[in-house]
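The values are calculated or read from the model by the stated rules, or taken from the named source; none is laboratory data. Please read all numbers here as calculations on a predicted model, not as lab measurements. Cβ atoms come from the backbone with ideal geometry, glycine included; neighbour counts cover every protein chain shown. Accessible surface areas use protein heavy atoms only, side chains included; no ligands, DNA or RNA. Shrake-Rupley method; radii C 1.70, N 1.55, O 1.52, S 1.80 Å.
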Amino acid sequence: MTENTIAKNKRGLFDYEITEHFEAGIALTGGEIKSIRAKRADISAAYARVLRGEVWLINMNLSLNGLENPTRTRKLLLHKSEINRLIGLVEQKGYALIPLYLYFKRGKAKIDIGVGRGRKKYDKRELIKKRDIAKEQRQVTSLKKV
């Protein structure tokens, strides 16, 4: 995403077809923000849920010495209109909230939440084929330039 990206959820980008993105702040403690600044965050197993009108980030791992519960549930900070939009999207069958990127923006930790539907196996194969074709084309064009 940017040079300020701390963690990326590659598996989430591959397993889900993302239709919308939302930027959210995260309610963190001092030790947790230290872990993020030390780039000791892992969002590969994380997911988000809407519970009682609030959005929660579940299973984000911040592993730094001294944290008692590195995978605790953390509240995401969004505007009420964004939360209502998320509720409407998630109630549709098959949609999920997937954290995609963890990064800093103006000194604050932010997370990019994607709303997506799970890809089928054949969709994943097509994605791999397209990626391989694009890679081959880039290699051919770079060879022609030399």
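Scanning segment 36-53 for any residue that is under 13 Å from LEU100 (Cβ atoms) and of a type in the set (D, E, K, R) turns up nothing. Just so you know, in segment 40-76 the residues that are more than 15 Å from the chain's Cα centre (by Cα) and at positive phi include one that is least open to solvent (accessible area, probe 1.4 Å), and it is GLY53.
One line per residue, one yes/no per condition, for (1) touching a residue at least 24 places away in the same chain (Cβ under 8 Å); (2) assigned to a strand (DSSP E or B); (3) open to solvent by less than 50 Å² (accessible area, probe 1.4 Å):
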{"position": "PHE104", "(1), (2), (3)": "yes, yes, yes"}
{"position": "ALA109", "(1), (2), (3)": "yes, yes, yes"}
{"position": "ILE113", "(1), (2), (3)": "yes, yes, yes"}
{"position": "ARG117", "(1), (2), (3)": "yes, yes, no"}
{"position": "TYR122", "(1), (2), (3)": "no, no, no"}
{"position": "GLU126", "(1), (2), (3)": "no, no, no"}
{"position": "LYS129", "(1), (2), (3)": "no, no, no"}
{"position": "ILE133", "(1), (2), (3)": "no, no, no"}
{"position": "SER142", "(1), (2), (3)": "no, no, no"}
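Considering each residue of segment 6-39, count those that are hydroxyl-bearing (Ser, Thr, Tyr) and more than 16 Å from MET60 (Cβ to Cβ), and give that number. Don't jump to the end; show me each part of the working.
Just the residues of segment 6-39 that are hydroxyl-bearing (Ser, Thr, Tyr), to begin with: 16, 19, 29, 35.
Filter again for more than 16 Å from MET60 (Cβ to Cβ), leaving 16, 19.
Summing the residues that are hydroxyl-bearing (Ser, Thr, Tyr) and more than 16 Å from MET60 (Cβ to Cβ) in segment 6-39 gives 2.
The single condition among (1) open to solvent by 60 Å² or more (accessible area, probe 1.4 Å); (2) in contact (Cβ under 8 Å) with a residue 12 or more places away in the chain that TYR95 does not meet is (1).
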